[in-house]
Amino acid sequence: MLLVDLLKEYKYDMQVRNYSQRTIKTSFNSTLKFMNYCKGEFQAEELEDLLPMYFKKYITYLQGLGRSEVYINSIIKYLRGFFKYCVKEDYIPEKQNIMSKIGWLRQKRTIINTFNDKEAQKMLSVWDYKNFYNARNKAIISTFFETGIRNLELCTLKILDIRDTVIKVTGKGNKERIVPISPALKKVLIKYERIRTEYIKDKYVVDDYYFLSYRSKMLTVEAVERVVRETGEMVKVRKEIRVSPHTIRHYYCQFLLRQKVDSYSISRLVGHSNTNITKIYLQSLEDEKIVEMGSTVSPMMILK
């Protein structure tokens, strides 16, 4: 069976299972690149033609291009999903699953550089309520710092998802979770909502997305990235810090860790599948902050 035909079929299967459009696109493109490599290097165009050696050579090829271990592991993840589908649909037996014996590459310890508290404070105070654009941007930045949600999660928030004390978030795999919001954020959102209502009163709005573009459409992740990047430029965030929604998410997790919130609770709040992901943020805290945290929890003082 031709690989390209199988890939098209797999794409529809991902849609049936409610994968996000972003995940479907990335998985499709990543798998297609591997197929094109096999076609070009080994003239392998059918599923039955693939050998485990081909993927091992593909890893070497990617390493030669300077791709990181994190990037290559993501390719492994997407290809595992594709071949798992082929086995499930009885296109190949499990013994012909070339990904079954491919392990993960060992990743280097991740050090996450994020904003300091002063930069966060400045970013929160950049925007005002003079117009729709400013009010919306202030609400976006405030929501990111308050909740640590992902970019796409923010873009897909609906009006009814915003409650008095919590927000309902739809995360990866369409998994829903509830995150708390403080009176401080609620105050910002109320002001934004009032300006939003006035802004769209004479416009034709089809969807009920909470954060809107100038054209009253759902915001794209690219547009939100620009808002965050512009905010960072306005307060002159350090050049070594990547100003993005995900960096705010890093800050949020590390901020909670510094407040002694446990890893399990944080993983639930931000929608991590397990605490191992959350622990990366703890490992990335600066040594002096770890010492400071440890100095306030002394067994000798408590058990004396």
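Summary of values
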read-out: Per DSSP, loop GluC sites (Glu not before Pro) in the stretch 219-277 with at most 10 further Cβ within 10 Å; value: Glu240
read-out: Per-residue HN-Hα couplings for the stretch 221-234 [Karplus 6.51, -1.76, 1.60; θ = phi - 60°; Hz; x = Gly/Pro]; value: 5, 5, 5, 5, 4, 5, 4, 5, 4, 5, 5, x, 5, 5
read-out: Nitroxide proxy distance, nm - points 7 Å out along Cα→Cβ at Arg22 and Val87; value: 2.9
read-out: Relative contact order (percent, whole number), the chain, Cα cutoff 8 Å, 6+ residue spacing; value: 17
read-out: Neighbour-limited loop hits for trypsin sites (Lys or Arg not before Pro), the stretch 117-206 (at most 12 other Cβ within 10 Å; DSSP other than H, G, I, E, B); value: Lys130, Arg163, Lys175, Lys201, Lys203
read-out: Shape box of the stretch 117-291 [Cα atoms, principal axes, largest first, Å]; value: 56, 36, 28
read-out: Charge sum, other residues only, whose C-beta stays under 11 Å from Gly81's C-beta, Lys/Arg counted +1 and Asp/Glu -1; value: +4
read-out: Estimated Rh, the stretch 3-96: Kirkwood, alpha-carbon pairs, angstrom; value: 13.8
read-out: Within the chain, helix-based [θ] at 222 nm, where runs of 4 or more DSSP H residues each add -39,500 (n - 2.57), nearest 500; value: -18000 deg cm²/dmol
read-out: With Cα atoms, 0 to 90° folded angle of helix 183-200 axis to the chain main axis; value: 80
read-out: Charge tally in the Cβ shell below 14 Å around Thr156, where Lys, Arg are +1 and Asp, Glu are -1, Thr156 excluded; value: +3
read-out: Loop trypsin sites (Lys or Arg not before Pro), the stretch 5-50 (other Cβ atoms within 10 Å of the site Cβ: 13 or fewer; DSSP); value: Arg17
read-out: Surrounding net charge for Pro183, when Lys and Arg each add one and Asp and Glu each subtract one, Cβ distance under 14 Å; value: +2
read-out: Test item: Cα-centred dipole of the chain, Lys/Arg +1 and Asp/Glu -1 on Cβ, debye; value: 700
read-out: Quotient of C-alpha Rg and 2.2 N^0.38 Å, computed over the chain; value: 1.19
read-out: Förster radius 35 Å - calculated FRET efficiency between Asp117 and Gln63, Cβ distance, rounded to 0.05; value: 0.35
read-out: Linear extension gain, Asn174 paired with Glu230, 0.36 nm per residue minus alpha-carbon span; value: 17.2 nm
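Quick note: the coordinates plus some simple rules give every number you see, no bench work behind them. If you're wondering where the values come from, they're calculated on a predicted model, not measured in any experiment. All Cβ positions, even for glycine, are placed from backbone atoms using ideal geometry, and neighbour counts span all protein chains on display.
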